[in-house]
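Notes for the one structure printed next.
The values are calculated or read from the model by the stated rules, or taken from the named source; none is laboratory data. Bear in mind that the values here come from a model prediction, so they are computed numbers and not experimental data. Glycine gets a Cβ as well: all are built from the backbone with ideal geometry, and neighbour counts include every protein chain shown.
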Amino acid sequence: MAKRTAATLLLLLVCAIAGLQASATATANQDISALRGLMGYMENLPSGWGRSNDPCGSEPWEGVTCSGTRVTELKLYNMGLRGKLSGDIAALTALRTLDLSYNNDLGGQVTPDIGNLQQLEALILVSCSFSGTIPSEIGKLTQLTFLALNSNQFIGNIPASLGSLFKLSWLDLADNQLSGSLPVSNGSVPGLDQLVNTKHFHLNKNRLSGPIPEKLFSSNMRMIHLLLDRNKLDGTIPASIGTVQTLKIIRLDNNLLGGPVPSSINNLTSLHVLNLANNDLIGPMPNLTGLNSLNIVDLSNNSFDPSEAPAWISEIENVTTLAIESGRLRGQVPQKLFSFPRLQQVILKNNSFNGTLDMGSNISEQLQVVNLESNALTSVALSSSYNNSIFLGGNPVCSNINLLGTNYCSLPQKVSPIYSTGLSNCGGKSCSTNNSCSHPYEGIMFFRAPYFRDLRNETAFQLLEKSIWEQYGPNLGSMSLQNPFFDNDSYLEVHLVLCPLNGTYFSVKDILENLDLSSNMYTAPQVYGPFYFGAFPYSFPGVSRTYVGLIVGLVVGCAVLVIGLASAGFYAFRQKKRAKKAIEMSNPFATWEASFEDSGAAPQLKGARFFSFEELKKCTNNFPEINVIGSGGYGKVYRGMLVDGRMVAIKRSKVGSSQGGLEFKTEIELLSRVHHKNLVDLVGFCFQQGERMLIYEYVPNGTLRESLAGMLSSTV
């Protein structure tokens, strides 16, 4: 009795000490376990990860932000991470922001367990290599306001469950391989039409098909940016689009849309950008009268009825770019158009304009390009005050000898990059390129629908410089914008270069705390429209030395491995015959393993399946100690993630376990039949290469020791 009492007291003392240790850390055990679990599936994490056992303590882990004892932010963008996002993330139940962007080698399927992050407000996975379908479980994240999954390799349909994200303001699924139709609500099934508070619908550059549903739009929506360009959408433009009077940008270009443009589009008086180019729209040229905020209009390459230039062309005084290429227009080119003060480009090529091109004497000072190639113009009356580009090739007027000495009839030349930050335009600091800026932080800013097209527009670019400098300047030595150009999608690309304030390099902390350029943290001036930032990989100091050490280690390791394999092969050959007979006598699975599907010797299972050793080795990342979640006399239990994203617990018996093959077979037959709400299910088993493993459903509540420590820490 005395011995039993002493043992009990000893157990309580051990648990009390564990509780005191738990209470001494600044981070909840649940979150520590989750972060260490993530480490098992990601390589190249910041050096501070794992250095202490307290991510929120006096030496916090890089990219981890805490409130109290809980992790609330995990930002590891552009860290060069490799691997995948495991289901361990589900245990970070207080997480509000998750940003893993610009890690090109971070991929695989996004675990459906991400739906457990009920407090998540921002999910940002931009420019990684995530693949598979977008988990429908994201629809459970009802606190989400910002969702950016653009520039990955997602396939399949847009989950209808996203329609349940009623607080969502930013939805960006662009530049993936998504297919299928745009989901709208139907009875109890949610849809995108329910996202009335979402201002940004960015679904461009996918493979979406089918019509744009009439139900998608309604008058109570707050949508300002609708980007559906570069898809395979067909049918007609729904009239309901005219009810969303908050719209500022519509890009439906490069689809398969047909039918007439609905007259309701005339209601969108706040519209700045309207791009319907490269579809198969028919009927009369749309009436844009009254849309006085329009800056960019592109109706090119459709099948509108032949007509003279519509009256509204002479009324939209704020227009910067008018493009109606192959619009079947005829008659005179409206002279008044060229006097609009903000006009920068006029693209009216491949029409049937005839007579004289008369641009008048009051030509806009900002006008840079007039392209009227392949029309029927017979003469030109130009003011001597206009000295910029006019392209008239393919018109009868080009046979006029008086134009032989001009460039009017030559082929258009691609405009070279014009603007680059000058030494005096860096917020008062020099943009020098000496050794102090030999390792800048760089990337491309992609502006998807800017309100202007003039690359010589210093005012616009200096406005962007000022905006960036005001937000990030205190942590920079200098900055510059370089080589702006419009790509084939009419996106403005600007190369951004940021130089460190002190020293040659930015530190990990500098980038993660001071250089967050996601659209969630930085808003560009309105004239630039919606954007996203694509960061270049950054080489932190010491990376090259790490690679040298890695290469040396690999060479030595491979040499040892070759010698070991040769020795093992020789030994295995000698033992083969002796071992075969022993296995057949002691292992009732010997014949079953070789013909699992149809062998009569197979166990009678319900639900559980056979896993190969290689499958389990891969899903645990080669059974590292960091993935051990329990141990005992039988062996160890490892955390793992299956290829479908499910988390599992793998019970791996010790080598030489006393449990026989027949007992193991009986055990898995029994466990596969037992199902209870308070018991974890058996997912499968492995009986291969001398291994005996059971695979269970994973329940992320920590180990028994951690649970005891947590309970005692609240009372000790």
Count - residues of the range 454-496 that are assigned to a loop (DSSP other than H, G, I, E, B) and of a type outside the set (Lys, Arg): 8
Single condition Met285 does not satisfy, out of (1) touching a residue at least 40 places away in the same chain (Cβ under 8 Å); (2) within 22 Å of Asn231 (Cβ to Cβ); (3) not basic (Lys, Arg): (2)
Test for Leu294: is it buried (at least 18 other Cβ atoms within 10 Å of the Cβ) and more than 29 Å from the chain's Cα centre (by Cα): yes
Counted residues, the range 497-513 - those being assigned to a loop (DSSP other than H, G, I, E, B), in contact (Cβ under 8 Å) with a residue 60 or more places away in the chain and either out of contact with any helix residue (DSSP H, G or I) (no Cβ under 8 Å at 6 or more places or on another chain) or of a type outside the set (Gly, Ala, Ser) (or both): 3
Those residues of the range 52-74 which are assigned to a loop (DSSP other than H, G, I, E, B) and not charged (D, E, K, R), in sequence order: Ser52, Asn53, Pro55, Cys56, Gly57, Ser58, Pro60, Trp61, Gly63, Gly68, Thr69
Subset of the range 617-653 that is of a type in the set (Val, Ile, Thr) and not in a loop (DSSP other than H, G, I, E, B) - its residue that is surrounded by the fewest Cβ atoms within 10 Å (Cβ to Cβ): Ile626
Residues that are more than 12 Å from the chain's Cα centre (by Cα), within 19 Å of Ser518 (Cα to Cα) and hydrophobic (A, V, I, L, M, F, W, C), drawn from the range 123-145: Leu144
Subset of the range 355-364 [buried (at least 17 other Cβ atoms within 10 Å of the Cβ) and assigned to a strand (DSSP E or B)]: Leu357
Residue in the range 288-298 that is modelled with pLDDT of 95 or more, part of a helix (DSSP H, G or I) and not polar (S, T, N, Q) present: no
Selection count where residues are not in a loop (DSSP other than H, G, I, E, B) and not acidic (Asp, Glu), scope the range 226-280: 23
Qualifying positions in the range 299-323 - free of Cβ contacts under 8 Å to residues at least 24 places away in the same chain and part of a helix (DSSP H, G or I): Ala311, Ser314
Tally, over the range 365-376, of residues that are in contact with a helix residue (DSSP H, G or I) (Cβ under 7 Å, 6 or more places away or on another chain) and crowded, with 20+ Cβ neighbours inside 10 Å: 1
Ile17 being at pLDDT 95 or above and either in a strand (DSSP E or B) or not assigned by TED's automatic domain parsing to the domain that holds Ser518 (or both): no
Any hit, the range 374-385, residues being touching a strand residue (DSSP E or B) at 6+ places or on another chain (Cβ under 9 Å) and touching a residue at least 60 places away in the same chain (Cβ under 8 Å): no
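Yes/no per residue for (1) under 32 Å from the mean Cα position of the chain (by Cα); (2) surrounded by fewer than 20 Cβ atoms within 10 Å (Cβ to Cβ):
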residue	(1), (2)
Ser270	yes, yes
Leu276	yes, no
Pro286	no, no
Asn301	yes, yes
Glu308	no, yes
Glu315	no, yes
Val319	no, no
Ile324	no, no
Residues of the range 333-352 that turn out to be surrounded by fewer than 21 Cβ atoms within 10 Å (Cβ to Cβ) and more than 20 Å from Tyr386 (Cα to Cα), as a count: 2
Test: residue in the range 152-159 that is within 30 Å of Asp487 (Cα to Cα), in contact with a Phe, Trp or Tyr (Cβ under 9 Å, 6 or more places away or on another chain) and of a type in the set (Val, Ile, Thr): no
Qualifying residue in the range 207-214 (condition: within 22 Å of Phe531 (Cβ to Cβ) and touching a strand residue (DSSP E or B) at 6+ places or on another chain (Cβ under 9 Å)): yes
Residue in the range 133-143 that is part of a loop (DSSP other than H, G, I, E, B), modelled with pLDDT of 95 or more, under 30 Å from Phe536 (Cα atoms) and in contact with a helix residue (DSSP H, G or I) (Cβ under 6 Å, 6 or more places away or on another chain) present: yes
Residues that are of a type in the set (A, V, I, L, M) and either within 18 Å of Ile324 (Cβ to Cβ) or surrounded by fewer than 19 Cβ atoms within 10 Å (Cβ to Cβ) (or both), drawn from the range 377-390: Leu377, Ala381, Leu382, Ile390
Test: residue in the range 391-414 that is crowded, with 19+ Cβ neighbours inside 10 Å, modelled with pLDDT of 90 or more and in the same structural domain as Met479 (by TED's automatic domain parsing): no
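Among the listed residues Leu85, Leu92, Leu74, Leu45, identify the single one that is touching a strand residue (DSSP E or B) at 6+ places or on another chain (Cβ under 6 Å), surrounded by 20 or more Cβ atoms within 10 Å (Cβ to Cβ) and within 24 Å of Phe540 (Cβ to Cβ).
Leu74
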Any chance Asp105 is among the charged types (D, E, K, R), more than 25 Å from Ser519 (Cβ to Cβ) and modelled with pLDDT of 95 or more: no
